[in-house]
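Chemist: One structure, as structure tokens, below. Some questions next.
The values are calculated or read from the model by the stated rules, or taken from the named source; none is laboratory data. Given the structure is predicted, the values throughout are model-derived calculations rather than measurements. Because the Cβ atoms are built from the backbone with ideal geometry, glycine has one as well, and the counts that use them run over all protein chains shown. For accessibility, only protein heavy atoms count, side chains too; no ligands or nucleic acids. Shrake-Rupley method; radii C 1.70, N 1.55, O 1.52, S 1.80 Å.
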Amino acid sequence: MFEKIDHINLVVSDLEGMVNFYSQVLGLKVTKRATIRGKWIDDVVGLAGVDAEVVYLNADRGPRIELIRFDQPAGATPDAPAAANTRGLRHLAFRVVDIDQAVAALEAAGVELVSGVQKVPDSQVTYDGGMRKRLVYFHDPESNLLELCEYR
């Protein structure tokens, strides 16, 4: 039924700040900018009077990230970032070749990690081909939870 994941949409308040983070810090490429409004988008999202700015960002592979700022109608802002165990969509994971190098680049950009890089114990999860997974969590500027993961 499904072919693949096409995109992941993040609703943001500071569109340019988030574009800068995802493009300059994480290295995604801005591929499109658009203003969306009209009956078609009102019907799709179930809101009236939508006026929004959207920026598409792509990695070399995988789904694109769409950052969207709703100018109308204004949306709610959570009181605090959701914890990792909160129900619902909780984080985006970016696969990297060298997690230590990627972490160094994040830290150089001033990104604070939730912890140091962790290794998934083989006693709990195994991966095809004897691969081992290493990962780390961090937040984007609007507190969305992100992950870097490496398989070797």
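Chemist: Students often get this wrong: which residues of region 33-66 have the backbone nitrogen under 20 Å from the point 7 angstrom along Cα-to-C-beta of GLU3?
Modeler: Residues 56-66 qualify, since their backbone N sits under 20 Å from the label point.
Chemist: Further question on the same structure: Share of region 4-138's accessible area from carbon and sulfur, percent, 1.4 Å?
Modeler: Looking at region 4-138 in its full context, I get 50 percent from C and S.
Chemist: Working out 0.36 nm times the residue gap between VAL120 and GLN101, then minus their Cα-Cα distance, what length gain in nm do you get to one decimal?
Modeler: Going from the current span to full extension adds 5.0 nm.
Chemist: So, one more: For THR35 and ARG61, compute 0.36 nm times the residue count separating them, minus their Cα-Cα distance, and round to one decimal in nm.
Modeler: 6.8 nm
Chemist: Hey, can you find the accessible area per residue of the chain for me, probe 1.4 Å, expressed in square angstrom?
Modeler: Dividing the accessible area of the chain by its residue count gives 66 Å².
Chemist: In debye, nearest 20, what is the charge dipole magnitude of the chain about its Cα centre with +1 on Lys and Arg Cβ and -1 on Asp and Glu Cβ, if you could check?
Modeler: Charge dipole of the chain: 440 debye, to the nearest 20.
Chemist: A further question follows. Where Lys and Arg each count +1 and Asp and Glu each count -1, what net charge lies around PHE138 among other residues with Cβ under 10 Å from its Cβ?
Modeler: So the environment of PHE138 carries a net charge of -4.
Chemist: Do the sum for the chain: with -39,500 (n - 2.57) for every DSSP H run of n ≥ 4, divided by all residues, what is the mean residue ellipticity at 222 nm, to the nearest 500 deg cm²/dmol?
Modeler: Rounded to the nearest 500, the figure is -4000 deg cm²/dmol.
Chemist: Working with all protein chains in place, sort LYS119, LYS39 by solvent-accessible area computed with a 1.4 Å probe, largest first.
Modeler: LYS39, LYS119
Chemist: Contact order normalised by length for the chain, with contacts defined as Cα pairs under 8 Å and 6 or more residues apart; what percent is it?
Modeler: Relative contact order, the chain: 21 percent.
Chemist: Also: Could you list which residues have their amide H under 5 Å from that of LEU10, counting only those 5 or more apart in sequence or on another chain, with H placed in the peptide plane?
Modeler: Under 5 Å from the amide H of LEU10: GLU66, LEU67, ILE68.
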